[in-house]
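The values are calculated or read from the model by the stated rules, or taken from the named source; none is laboratory data. Just so you know, these numbers come straight off a predicted model, no measurement behind them. Backbone-built Cβ (ideal geometry, glycine too); neighbour counts: all protein chains shown. These area figures cover heavy atoms from the full protein model, side chains too; ligands, DNA and RNA do not enter into them. Shrake-Rupley method; radii C 1.70, N 1.55, O 1.52, S 1.80 Å.
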Amino acid sequence: MDTEWFSNWQHVFKLDPDKEISDEALDQLCMSGTDAIIIGGSSGVTFENTVDLLARVRRYSVDCALEVSTMDGAVPGFDGYFVPFVLNTKEADWLMLKQLEGLQEYGHFVPWEMTSASGYIVLNEDSTAAKVSGANAKLSAQEVLPYVWMADRLLRLPVVYIEYSGMYGDMSLLARVASELQQAHLFYGGGIDHAEKAANAAKHAKTVVVGNIVYNDLTAALATVEAVKQVKQSQKA
Ligand SMILES: CC(C)=CCC/C(C)=C/CC/C(C)=C/CC/C(C)=C/CC/C(C)=C/CC/C(C)=C/CC/C(C)=C/COP(=O)(O)OP(=O)(O)O
Ligand SMILES: O=P(O)(O)OC[C@@H](O)CO
Ligand SMILES: [Mg+2]
């Protein structure tokens, strides 16, 4: 049963503290009807740029969560926290050790009831996330499934995140992953730069994450909100 603090999120914008965004653009994103803003990035994330972006998003009532990806970027005051675990890496650092170091430092301050592990399966080998974490992103659908079973059924992680950061993913693979999940909440992110791509991802993922397009084409980014909402509405009917 999916009853986590983020369970009803259908669409989110992911904003990178290392990238500039104007007040006008931020206003449109926060007022767009999206369910949440996730603040996160895989490089250049610091305490200062994270606090700064949080303070700006806090002018609005939209939920704001932090995806913790650096020790420096662990900032209090968010509505919730995601801690990523890269499942398809052989590097123990990104699988578990960085997170352990984080807990050694901040464990006593973590608001556990609104902090969740996300099991990342990184599938774009050219993405910063893949390079940083040494992910083995060249996986066929058949090769992805054991990671999904491990995350969902053995480890019972609350989130499985199919991550194609920077590239639109294989929707048939996403559909297969969705059909295999028994309890985890499925996030999809990567390469959504058009409403139609968002709608197709929303057919399978519980939550669709829209990232980089926010910085390149704000109008296209904003159009993804309604596209996702329409698919979710039609799935209810
Ligand atoms: C003090 C307080 C209240 C703390 C609460 C916060 C909290 C829960 C702290 C716990 C401590 C802790 C566990 C810290 C974790 C520290 C850590 C370093 C974890 C490792 C995370 C990880 C596996 C990172 C690898 C890269 C990755 C998967 C990042 C996820 C985000 C992502 C994919 C962003 C997209 O990247 P982007 O930069 O946009 O990429 P492009 O350039 O391609 O666009
Ligand atoms: O930036 P994009 O490609 O939209 O990806 C979104 C998100 O999944 C990144 O972690
Ligand atoms: Mg990005």
Where Gly191 falls short, out of the listed (1) at positive phi; (2) in contact with a strand residue (DSSP E or B) (Cβ under 7 Å, 6 or more places away or on another chain): (2)
Helices (runs of 4 or more DSSP H) fully within segment 138-228 counting 2 or more residues that are of a type in the set (Phe, Trp, Tyr) and closer than 21 Å to Lys90 by Cβ: 141-149
Within segment 61-72, considering residues that are within 8 Å of ligand 1 (Cβ to nearest atom) and assigned to a loop (DSSP other than H, G, I, E, B), the one farthest from Gln28 (Cα to Cα): Met71
Checklist (1) open to solvent by 20 Å² or more (accessible area, probe 1.4 Å); (2) under 24 Å from Glu163 (Cβ atoms) applied to Val45, failing item: (1)
Some residue of segment 115-133 being without any contact (Cβ under 8 Å) to a residue 24 or more places away in the chain, open to solvent by 30 Å² or more (accessible area, probe 1.4 Å) and more than 18 Å from the chain's Cα centre (by Cα): no
Segment 52-99, subset aromatic (Phe, Trp, Tyr) and over 17 Å from Val160 (Cβ atoms), residue most open to solvent (accessible area, probe 1.4 Å): Tyr60
Cross-chain or 6+ apart pairs with Cβ under 6 Å, segment 7-32 first and over 26 Å from Gln183 (Cβ atoms) and modelled with pLDDT of 95 or more, then of a type in the set (Lys, Arg) and open to solvent by 20 Å² or more (accessible area, probe 1.4 Å): Leu26/Arg56
In segment 179-198, residue nearest to ligand 1 (Cβ to nearest atom) [restricted to those that are surrounded by fewer than 21 Cβ atoms within 10 Å (Cβ to Cβ) and closer than 29 Å to Thr3 by Cβ]: Leu181
Within segment 213-230, tally of residues that are touching a residue at least 60 places away in the same chain (Cβ under 8 Å) and over 18 Å from Asp2 (Cβ atoms): 9
Answer residue from segment 159-178, given it is within 16 Å of ligand 3 (Cβ to nearest atom) and among the hydrophobic types (A, V, I, L, M, F, W, C) and is surrounded by the fewest Cβ atoms within 10 Å (Cβ to Cβ) among those: Met167
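Listed here are the residues, each with its yes/no results for (1) within 18 Å of the chain's Cα centre (by Cα); (2) within 21 Å of Val210 (Cα to Cα); (3) modelled with pLDDT of 95 or more; (4) away from ligand 1 (no atom under 11 Å from the Cβ).
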position	(1), (2), (3), (4)
Glu143	no, no, yes, yes
Val159	yes, yes, yes, yes
Gly166	yes, yes, yes, no
Gly169	yes, yes, yes, yes
Leu173	yes, yes, yes, yes
